[in-house]
Amino acid sequence: MQLRSTRNTPEDLDIVKRPDMVGMHVWWTVSREEVGAEKILFDTAIFPPHVQHGLHRHPHAEEICYLVSGSGYHITETGLVYQAERDVAYIPANEWHGFYNPSDEPVVMVSAWGGVASIKDYGYEEMDGSKELVAAMIAELERS
């Protein structure tokens with residue numbers, strides 16, 4: 001057994017250099033690299049105020065996202081889906097999704113991926129042209 005947290009796992013300073021993850025903070029607390037996991041990947045992510053993770057998918061892994069604190073919107077191809085604190089979102093493998101924190105407070109999310117144990121294995125893909133689509137969705141949200 002290994003006890004992992006953001007206190008004993010280094011923050012991933014490379015992944016947040018991706019254009020669709022600017023401003024986020026991510027710790028891969030359970031992975032093949034960190035603990036020798038074989039079939040699961042787990043992270044803690046902090047979304048500062050007004051930060052988004054653009055539309056993307058991972059064809060080789062399904063994902064669950066649990067909001068520890070705060071609330072925000074999952075971004076889908078067809079619109080925004082509200083997620084409150086303590087809600088769990090299930091995202092099937094290969095489904096386009098993202099997340100937006102519209103508030104003035106940070107959002108803390110923990111996520112687990114089934115079937116993979118490393119970010120090298122989940123097959124991350126960013127959606128072409130999603131910046132404009134997401135910007136339009138957020139603008140509509142802010143108008144309402």
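Brief remarks follow.
- Count of the stretch 105-144 residues which are surrounded by 14 or more Cβ atoms within 10 Å (Cβ to Cβ), at pLDDT below 95, among the aliphatic types (A, V, I, L, M) and closer than 19 Å to Arg18 by Cβ: 5
- Scoring Pro102 on the criteria (1) without any contact (Cβ under 8 Å) to a residue 60 or more places away in the chain; (2) surrounded by 13 or more Cβ atoms within 10 Å (Cβ to Cβ); (3) outside any loop (DSSP other than H, G, I, E, B); (4) not small (Gly, Ala, Ser) leaves a single failure, condition (3).
- Restricted to the stretch 11-49, and to residues there that are touching a helix residue (DSSP H, G or I) at 6+ places or on another chain (Cβ under 9 Å), of a type outside the set (Asp, Glu) and outside any strand (DSSP E or B), the residue that is nearest to Lys120 (Cα to Cα) is Ile15.
- A search for C-beta distances below 7 Å between a residue of the stretch 118-144 that is at negative phi and any residue that is of a type in the set (Gly, Ala, Ser) and part of a loop (DSSP other than H, G, I, E, B), counting only pairs 6+ apart in sequence or on different chains, returns Ser118/Ser31; Tyr122/Ala61.
- Boolean, Pro92 is at pLDDT 95 or above and within 14 Å of His56 (Cα to Cα): yes
- When residues in the stretch 38-59 are screened for being buried (at least 19 other Cβ atoms within 10 Å of the Cβ) and within 11 Å of Ser118 (Cα to Cα), 3 of them pass.
- The condition of being surrounded by 15 or more Cβ atoms within 10 Å (Cβ to Cβ), in contact with a Leu (Cβ under 8 Å, 6 or more places away or on another chain), modelled with pLDDT of 95 or more and not aromatic (Phe, Trp, Tyr) holds for Val30.
- Tally of residues being part of a loop (DSSP other than H, G, I, E, B) and aromatic (Phe, Trp, Tyr) across the stretch 105-144: 2
- Unique residue being closer than 23 Å to Pro10 by Cβ and under 15 Å from the mean Cα position of the chain (by Cα) when the list is Pro48, Pro92: Pro48
- Selection from the stretch 60-90 of residues that are loosely packed, with under 14 Cβ neighbours inside 10 Å, hydroxyl-bearing (Ser, Thr, Tyr) and closer than 18 Å to Ile138 by Cα: Thr78, Tyr82
- Residue in the stretch 14-22 that is surrounded by 14 or more Cβ atoms within 10 Å (Cβ to Cβ) and over 25 Å from Ala139 (Cα atoms) present: yes
- With respect to the stated conditions, His58 fails to be in contact (Cβ under 8 Å) with a residue 24 or more places away in the chain and on the phi > 0 side of the Ramachandran plot.
The values are calculated or read from the model by the stated rules, or taken from the named source; none is laboratory data. None of the values given here were measured: they were computed from a predicted structure. With ideal geometry, Cβ positions are generated from the backbone for all residues, glycine too; neighbour counts draw on all protein chains shown.
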